[in-house]
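J.: Take this structure first; my questions come after.
The values are calculated or read from the model by the stated rules, or taken from the named source; none is laboratory data. This is a predicted model, so every value here is computed, not measured. Counting neighbours? That spans all protein chains shown, and the Cβs are built from the backbone with ideal geometry, glycine included.
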Amino acid sequence: MTKKLRKRIMLTMMLLLSITYIAILVAINVWINANTRSDADNALRFLMRQHEPPSEMIPDGDVTPPEKSNDTSDDNTFSGRRDNDFIPPKDDFPKMDEKSLEILSSHYILVRYKSDGTLDSIDNTLSDSYTNEEITSYCEDILQKKENHGSIGQLRYMIRQSKIGTEIFFIDHTAENKSGQRLLIISIILGAVGLVIFAILSYAISGLMVRPVEETFEKQKQFISDASHELKTPITVILSNSELLEEQIGSSQWLTYIKNECDRMRNLVESLLTLTKLEQVPYTDVIKNDFSLSNAMLERILPIESVAFEKDIHMNYDIEPDVNFFGVKEQIQQVLTILMDNALNHTNAQGSINITLQKAAHYIRFQVTNTGEPISKEDQEKLFERFYRVDKARNRAQGHYGLGLSIAKTIVENHHGKISVHCEDGYTTFTVSLPTRS
C-alpha cells in the first residue's frame with residue numbers, strides 16, 4: 001500500500017515538473033524564433049534604407065498598381081501589387097544596433113522587377129549558396145502568395161513596391177536558426193539531466209512524505225496481529241467450556257448460539273492472522289518450491305464435489321495436466337479454495353460451477369466461473385477490499401466477513417500475478433494469471 005502511494009506521489013511530482021519544463025521550453029524556443037525573425041526583419045528594413053530610391057518611393061496609403069504586362073511569354077513576370085503589400089515606413093527604425101544590422105544585412109540578395117512585371121536584375125551576394133535560378137524560382141513562389149514578408153527555406157524576405165517596379169529583398173539567417181537549434185538541443189539535454197536528478201530527489205522526498213503513513217499502517221497491522229493472537233486464547237477457552245458444559249447439562253439452544261458465535265469469531269481471527277502474515281512476511285523470505293499445479297488444484301477440487309452435489313450444483317472442471325509452478329503450494333491452493341467457496345455460496349440450486357487451468361507461453365491461468373446473480377460494476381471495483389461484502393446480511397449470516405478475496409488478492413500479487421472478476425450473460429468469472437516463473 002505505501003509503495004503504491006509512494007509511486008503515485010513520485011509520478012505526480014514528475015508529471016507536474018515535466019509539464020512545467022515542457023511549457024517553459026516551448027515558450028523559450030517560441031520567443032527565440034520570434035526574436036530571430038524580428039532581427040531578420042529589422043535587417044531587411046535596414047537593407048531597404050541602404051537601397052531606397054530617393055524619389056520613386058510610393059507614399060504609404062497611396063499605392064497605384066503597376067501596369068500589367070501584355071507580354072505573357074516571359075515566365076519571369078509579376079502581375080502587379082497585391083492588396084497587402086508591405087511598404088516599410090520611413091520612421092520605422094530597427095531596434096538592433098547599427099553595427100549588428102550591418103553584419104546581418106551584409107550578405108543579401110536583391111531581385112528587381114520592372115513596372116511591367118519583367119525581371120530587371122538580381123544582386124546576389126550569396127551566389128556560393130544560392131544560384132540565380134534558385135532565387136528566381138523562389139521569387140515566383142513568393143509572388144504567387146499574398147504575403148509581403150516571410151520565410152522561404154533558410155531565407156527571410158520582404159517585398160517593396162515603388163513607381164519603378166517591385167523589389168524583393170532576401171537575407172540568409174541560417175546561422176541564427178542553427179544557433180536556435182543548438183540552444184534547443186542543449187536545453188533538452190540539460191532538461192533530461194535535470195529530470196533524472198529530480199526523479200532521484202522526488203523518490204527520496206516521497207519516501208519522507210509517506211513515512212508517517214507507513215508507520216501508522218505498520219502499527220495498524222501490528223495491532224491487528226496482536227489483537228488476533230490475544231483473542232485466540234479466550235475464544236478457545238469459551239468454546240472448550242461450552243462443549244464441557246454441554247456434556248454435563250445436555251444440548252441447549254443457548255449453548256448452540258455460544259458455539260456458533262465462537263466458531264465465527266475463530267474464523268475471523270484466523271483470517272486476520274493469515275492476512276497480516278501475508279503482508280508482514282516478505283515474499284522473498286517465503287520458502288518456495290516447484291510443484292504440480294494441476295495436482296494441487298485437483299486435491300482441492302475433488303473434496304468440494306461432494307459439497308456441490310449436496311447443494312444440487314453441477315460442478316465441472318478442465319485441468320490441463322503437467323502444469324508446474326514455482327511458488328508456495330499451500331497459498332495457491334488457498335486461493336482456489338477461496339474462489340470455489342465463494343462460487344458455492346453464490347450459486348443457486350441447479351446452477352453450475354466450471355473450473356479451468358491452462359498454460360500459455362508466459363503465464364498460467366486458472367478460472368472459476370459460476371452462475372448466479374451478476375456483480376455490479378461498482379461492487380466489482382471494491383470486491384477485493386478488506387471487509388467488503390456485496391450482500392452484507394447474507395454473508396454475515398453465513399459467517400463471511402469479506403476477507404477471503406482480499407487474502408486471495410494478496411497471495412496472487414505476492415506471486416507477481418493478477419486476479420480479476422468479470423460478469424457476463426449470467427456468469428461470474430474470477431481469473432487468476434500467474435507468471436510461468438515468479
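J.: Which ranges mark the strands (runs of 3 or more DSSP E) fully within the range 283-338 that have 3 or more residues being farther than 24 Å from S352 by Cβ and either touching a residue at least 60 places away in the same chain (Cβ under 8 Å) or under 37 Å from the mean Cα position of the chain (by Cα) (or both)? Please lay out each step first, then the result.
T.: Numbers: elements: 289-292, 314-319, 324-327.
The strands (runs of 3 or more DSSP E) meeting that bar are 324-327.
J.: Would a scan of the range 270-278 turn up a residue that is at pLDDT below 80 and either in contact with a strand residue (DSSP E or B) (Cβ under 8 Å, 6 or more places away or on another chain) or of a type in the set (D, E, K, R) (or both)?
T.: First, pick out the residues of the range 270-278 that are at pLDDT below 80: 270-278.
Filter once more, so that each one left must be either in contact with a strand residue (DSSP E or B) (Cβ under 8 Å, 6 or more places away or on another chain) or of a type in the set (D, E, K, R) (or both): 270, 277.
Checked against the condition, which is being at pLDDT below 80 and either in contact with a strand residue (DSSP E or B) (Cβ under 8 Å, 6 or more places away or on another chain) or of a type in the set (D, E, K, R) (or both), the range 270-278 yields at least one hit.
J.: Grab the strands (runs of 3 or more DSSP E) fully contained in the range 133-242, keeping just those with 2 or more residues being within 30 Å of I24 (Cα to Cα) and free of Cβ contacts under 8 Å to residues at least 24 places away in the same chain.
T.: On the way: elements: 149-152, 155-162, 165-172.
Strands (runs of 3 or more DSSP E) meeting the threshold: 149-152.
J.: While we're looking at this one, here's another question. Checking the conditions here, which among E373, E378 is assigned to a loop (DSSP other than H, G, I, E, B) and at pLDDT below 90? Spell out the reasoning first.
T.: Numbers: E378 fails: assigned to a loop (DSSP other than H, G, I, E, B).
After applying the criteria, what remains is E373.
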